[in-house]
Amino acid sequence: MSGKVFRTELNPVDFLHRAAYIYPGKTAVVDGKRRYSYLELAERSWRLANALRSAGLAKGDRVATLLFNSPAMLEAHFGVPAAGGVLVAVNNRLSSAEIGYILRHSGATYLLLDTALEALAEPAGLSGITVIRCDGTGAPGDAYEEFLAGASPARPASWLEHEEETISINYTSGTTGRPKGVQYTYRGAYLNALGEVIVAGLRADSVYLWTLPMFHCNGWCFPWAVTAVAARHVTMRAVDPALVWDLIDGEGVTHYNGAPTVHLMVINHPRAHSQPVTAMVAAAPPSPTLLRRMSELNFRVVHVYGLTETYGPITVCPEPEEWPELPLEQRAARLARQGQAYISSDLVRVVDKDMNDVPRDGTTMGEVIMRGNNVMSGYFDDEAATGTAFAGGWFHSGDLAVWHPDGNIELRDRGKDVIISGGENISSIEVEQAICAHPAVLECAVVGIPHPHWGERPKAYVTLNEGAAATPEEIIAFCRGRLAHYKCPDAVEFGPLPKTSTGKIQKFVLRQREWAGQDKQVGSV
């Protein structure tokens, strides 16, 4: 052992090493009838790391996953960095073309693939990629289990030299419509995981239910956060509210995360009953109706806000002790604020176009900017986009907010052309490009419109070529043939588009029309 006595490079893989050392027999993972102790989880993760090295993985090689929430997905969050690779967790809800782009852009050389997703992956083009298939049973004959079985259960020697190296790349859709690879560092993942421990109130006796996909911002760093306190992971391949209540009752679930849509599914289920559960909500502020129902069920609501570029949540709305005594509508209005930064990051600011702080009057709008340990190191292989995002030494979110006198911020609109529907980011430009490929379409504009269940859904305003004809159903079907279905518009309206004198489409006019009567142009469920 060498180096400075007073410094160890921050590495979230160490969380698992510690948990297995101190709590070897404690249940770490529950997946249906399968249960793994912390020692077993560690040994499986180390086997994955050693197997990848034996297969030829070199430091910095990208290892992609196309998996559901499962033990294999959890093991990848430790085994891939333990091997020296970079984890690329791919959204399994994307189309084959979108998955193919991410695999090519990231330069992935390995892919952990759930066999139930093979039909999605094969058209993406897997040439040159070593594929390790996983049927999710953990039984003999599962190729993934065989891959692990042939490797050592001892933790491999770390190749990490500096904590600012990249641990993972998470792809997000931006205003260009092409996904950008957001790079997370070992240091950022470690500190954000500890931030989540504090904000969620995780303890050694906590039981965390995986309703949030682990491919979303590495599950907001909760694979590492839950493990840091040696709490229990309970996995779900897909959100099933009946199963959620089975697990709340049967496993004693204490925490889960998700978009308001997920919470609505849980609390409106016929079996919903009072239970002390901490529920973190993001993507849209909790409405008074949602808050009232969750309070009736004894759920502690924690409202957080962030982006893929900030490791998921970077702010939390603090609830002073006097807020629960407020009338429900007033309390809900305050809890709908995005709050202020996690303890692991710098306080966020709201600024004007010259990056001067706007007045803290609750009415003057500006852009939300961030910096600190919760901010990405940059976009993978895209220096220009990184430079733009980091202009002036701060990360520019593109989100517009007001700054309240108490220091909390509150979103008012989205500067980026991103629609957030049920917790999924949808690039309006990407949808527009797909629709404009239709031979009858001259031009179109896509905006997010209010939706009672999803928060927001895309609506397309379309101008047809002269003499051409098309129906809304045809446009939607055409779009569904090119994009993931959740990205496609729910509604299509034909006609001329509002434009400036220079011909630029005025999307804000369309948004104002759709959001008339709403006090915010941000979806609430």
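Nothing in this text is a laboratory measurement; each read-out follows from the coordinates by a stated rule. Please read these numbers as outputs of a predicted model, since none were measured by experiment. Cβ sites come from the backbone with ideal geometry, for glycine too, and all protein chains shown count toward neighbours.
Any idea what diffusion coefficient the stretch 13-238 gets from Stokes-Einstein, in µm²/s, Kirkwood Rh on alpha carbon pairs, 10 °C, 1.306 mPa s? Could the numbers behind the result be given before it?
Values: Rh = 17.3 Å.
Estimated via Stokes-Einstein, D reaches 92 µm²/s.
Each residue of the stretch 142-157 was assigned a 3J(HN,Hα) from its phi angle through the Karplus curve 6.51 cos²θ - 1.76 cosθ + 1.60 (θ = phi - 60°); the sequence is 5, 4, 5, 5, 5, 4, 6, 4, x, 10, 6, x, 7, 5, x, 4 Hz, with glycine and proline shown as x. Between GLU321 and ASN298, the modelled labels are 2.2 nm apart [label points 7 Å from Cα along Cα→Cβ]. One decimal place: the segment ARG203-ALA143 gains 18.1 nm when fully extended, by the rule 0.36 nm per residue minus the C-alpha distance. Among the chymotrypsin sites (Phe, Trp or Tyr not before Pro) in the stretch 1-76, those placed in a DSSP loop whose Cβ has at most 11 other Cβ atoms within 10 Å are PHE6.
The distance from the alpha carbon centre of the stretch 30-101 to that of the stretch 364-436 is 29 Å, rounded to a whole number. For Cα extents along the principal axes in Å, the value calculated from this model appears in [x] 88, 61, 46; [y] 77, 59, 43; [z] 67, 57, 51 under label [z]. Under a 5 Å amide H cut-off, with hydrogens placed 1.01 Å from N, THR211 pairs with ASN257 among residues at least 5 apart or on other chains.
To the nearest Å, what is the center-to-center distance of the stretch 138-205 and the stretch 305-363, using C-alpha atoms only? That distance is 28 Å. Applying both filters, DSSP loop and at most 16 other Cβ atoms within 10 Å, to the trypsin sites (Lys or Arg not before Pro) of the stretch 346-441 gives LYS353, ARG360. For the stretch 5-116, the gyration tensor built on C-alpha atoms gives an oblate shape. Its axis ratio a/c (a ≥ b ≥ c) is at least 1.5, and a/b is not larger than b/c. Nearest 0.05, what FRET efficiency do HIS273 and SER96 give at R0 = 45 Å with Cβ-Cβ as r? Result of the calculation: an efficiency of 0.60.
State to the nearest 20 debye the size of the charge dipole of the stretch 261-401 about its Cα centre, where the only charges are +1 on K and R beta carbons and -1 on D and E beta carbons.
Numbers: 11 positive and 17 negative charges, 131 e Å.
The dipole of the stretch 261-401 has a size of about 620 debye.
The charge dipole of the stretch 346-414, taken about its Cα centre with unit charges on the Cβ atoms of Lys, Arg (+1), Asp and Glu (-1) only, comes to about 100 debye. Annotation note: chymotrypsin sites (Phe, Trp or Tyr not before Pro) in the stretch 288-378 located in DSSP loop regions with a Cβ neighbour count of at most 14 within 10 Å are absent. Exposure proxy for SER70, SER106, SER54: other Cβ atoms within 10 Å of each Cβ, ordered fewest to most, give SER54, SER106, SER70.
Rounded to the nearest 5, what % of the DSSP beta bridges within the chain are antiparallel ones? Approximately 60 percent, going by the DSSP bridge assignments.
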